[in-house]
Amino acid sequence: MPNCLICADPIAPFIDFGPMPLGNGFLRPDQFAEEYRFPMQVGFCNGCGMVQLLAQPERERMFHENYAFFSGTSRYMALHFQRFAEQVNAGYLSAAEPFVVEMGSNDGILLQNFAAAGIRHLGIEPSKNVAQVAIDKGIATVTEFFGAELARRIVAERGQADAFLAANVMCHIPYLHSIVEGIKILLKPAGVVLFEDPYLGDVIEKTSYDQIYDEHTFLFSVASVGHLFGRYGMEIIDVQPQTTHGGSMRYVIAHCGARPVSPRVQDQREKEHALGLHRPETYDRFRRNCEESRRQLMTLLTGLKAQGKRVVGYGATSKSTTITNYCGITPDLVEFISDTTPIKQGKFSPGAHIPVRPYDEFAGRHPDYALLFAWNHAAEILEKEKAFGAGGGKWIVYVPRVAVLDGEE
Ligand code: SAH
Ligand code: TYD
C-alpha cells in the first residue's frame, strides 16, 4: 500500500480514475502513440487528513520550457491578484524595506503589482517559457524549483523574506516537506506565508472532481495544512475563502506565537468537521457522486449527438483532461475545444485527442452547445459571450451538477 506523503501512514485509494495523461499535456498527432499516462488514484490519509494522489509523474514532465499554462489569460485573475497584492501590502508588510518572495510566479501576474510599487521581490518559477514573460516585464525571477536548498541560497544572497506567497502551486508539490522546511528557513521571525489553492471542502460539496489531475498532488483543508505546518513550528493564523478556481482557500501562516490567530481558523475547522472531511465515508460518497455526474454528462452528450447537434468545448483547461478521460468524451461528441492560449492551439487534448482551436473558430461559427470546461471562469465568459446565447446557443455545465443553461442566463 502507498504511504502518505506527509505523515507516512499507509493509504488506500477511494477513487481510481484509470490511466490518465498529463492535464496540460496538449500534443500533436505524431506524439499520440508515445503519450505518457500515470495511474490516477486518490486517497485520504486517516492519520493526518491529507487527500492526495497515490502516484505522481516526475516534476520535469510537467514543468518545463514548454509549460502550457499562462496565468495572465484571465482578466479576472489579474484583478484577483492585484487585490491579493494590495492585501499583503496593507496588512502584512510593516518592515522598512520589505522583501517578498513568490513560489510559482509564472508570468508575473501577482509580483508585477509589487514590482510596480517598487517593493523588493523575487519570483521562483522553473517553467522557463512562462518565467521569461515575467522577466521581460522587469520582474526578478529565478528559474528553479523551490525547496530547502534554494531557500538557503536565497537567504545567503538576499536575506530573509517578510512575506512568502504562493498561488495554485503548493498543492502541486509532492515533496512538500522540503518546501515547508525551505519556508521555515526563508521567513523572518515576524514574516508571513500567504498561499491559496483549490479547497477540499468545495471539491467535495460541488463534486468538482476535475480539480484532481497530475499537477494537483493534494487537495488541502485547514486540518491537513495545519498539521503539515505544525510539524515545522508554524501555525495557521487566518483563513480566507476565495471564489477563484471554483472555490479556493487562502491560508495565512506564521511562526508559532509570532502573530495573533483569527477566530476564523477555528470556525473553518468546525465547518470541515460538519462537512465530514475527517471521515472516510465522505470520500466514498464523493466517488459515487463522481460516477453519477459522469453518467449524466455522457447521457446528455450522446443524446445531443443523436439529435445531430454541434457541441464545442470552451477552454482547454488542464481540469478538462480528467473530465474527458474519465467520462470517455471523444471528438465525435465534442467537435473541438476553443482556447485563447496560442501554445495549445493546433494541438490535441491529452488522452481524448479533441482538437484545440483558436477562439475565432468558436466566435465565427457558434455551435448549438458549448461545454464549459473553464467553468471556474463562468462569470467572465458568460458576460463576454452574450452573442452566443442571443443566437440560441446553450451552455453545458457539470459543476455543481450536470445542467444545460440557457445561453442568455
Ligand atoms: N501562481 C500562478 C501559477 C500557478 S501554475 C497562478 O496562480 O496563476 C503553477 C506554477 O508553479 C507553474 O508555473 C510551475 O512551473 C510552478 N512550479 C511548480 N513547482 C514549483 C516549485 N517547486 N517551485 C516553484 N515553482 C514551481
Ligand atoms: P484555467 O481554468 O485557469 O486553468 P486550469 O488549466 O488550471 O484548469 O484555464 C483556463 C483556460 O481557458 C486557459 O487555457 C485559457 C482558456 N480561456 C479561454 O479560452 N477563454 C476565456 O475567456 C478564458 C477566461 C479562458
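Which residue, of Y369, Y326, Y359, Y398, is among the aromatic types (F, W, Y) and touching a Cys at 6+ places or on another chain (Cβ under 8 Å)?
That would be Y326, the only listed residue that is among the aromatic types (F, W, Y) and touching a Cys at 6+ places or on another chain (Cβ under 8 Å).
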Worksheet entry | Residue tally, condition aliphatic (A, V, I, L, M) and assigned to a strand (DSSP E or B), over the stretch 39-90 | 4
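Every residue, every condition in (1) of a type in the set (K, R); (2) crowded, with 23+ Cβ neighbours inside 10 Å; (3) within 15 Å of ligand 2 (Cβ to nearest atom); (4) in a loop (DSSP other than H, G, I, E, B), yes or no:
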position	(1), (2), (3), (4)
T317	no, yes, yes, yes
S320	no, yes, yes, no
V334	no, yes, yes, yes
P350	no, yes, yes, yes
A363	no, no, yes, no
H366	no, no, yes, yes
Worksheet item: Is it the case that some residue within the stretch 218-239 is modelled with pLDDT of 95 or more, assigned by TED's automatic domain parsing to the domain that holds M170 and in contact with a His (Cβ under 6 Å, 6 or more places away or on another chain)?
Response: yes
Worksheet item: Among (1) within 12 Å of ligand 1 (Cβ to nearest atom); (2) part of a helix (DSSP H, G or I); (3) within 18 Å of V192 (Cα to Cα), which single condition is V133 missing?
Response: (3)
Practice prompt. Go through the stretch 174-207 and count every residue that is within 30 Å of A403 (Cα to Cα) and crowded, with 24+ Cβ neighbours inside 10 Å.
Written response: 5
Worksheet item: What pairs can you find where one residue is in the stretch 310-321 and free of Cβ contacts under 8 Å to residues at least 60 places away in the same chain and β-branched (V, I, T), the other is more than 15 Å from ligand 1 (Cβ to nearest atom) and assigned to a strand (DSSP E or B), and their Cβ atoms are less than 8 Å apart, with a gap of 6+ or different chains?
Response: V312/I337; V312/S338; V312/Y369; V312/A370; V312/L371
Response to the item:
Pairing a residue in the stretch 1-28 that is farther than 21 Å from R285 by Cα and of a type in the set (D, E) with any residue that is part of a strand (DSSP E or B) and at pLDDT 95 or above, where Cβ atoms lie under 9 Å and the two sit 6 or more apart in sequence or on different chains, gives D9/N3
Discussion item. When you check Q296 against the structure, is it under 25 Å from E385 (Cα atoms), surrounded by fewer than 18 Cβ atoms within 10 Å (Cβ to Cβ) and among the polar types (S, T, N, Q), yes or no?
Written reply: no
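The values are calculated or read from the model by the stated rules, or taken from the named source; none is laboratory data. As the structure is a prediction and not an experimental result, all values here were calculated from the model. Glycine also receives a Cβ, built like all others from the backbone with ideal geometry; neighbour counts cover every protein chain displayed.
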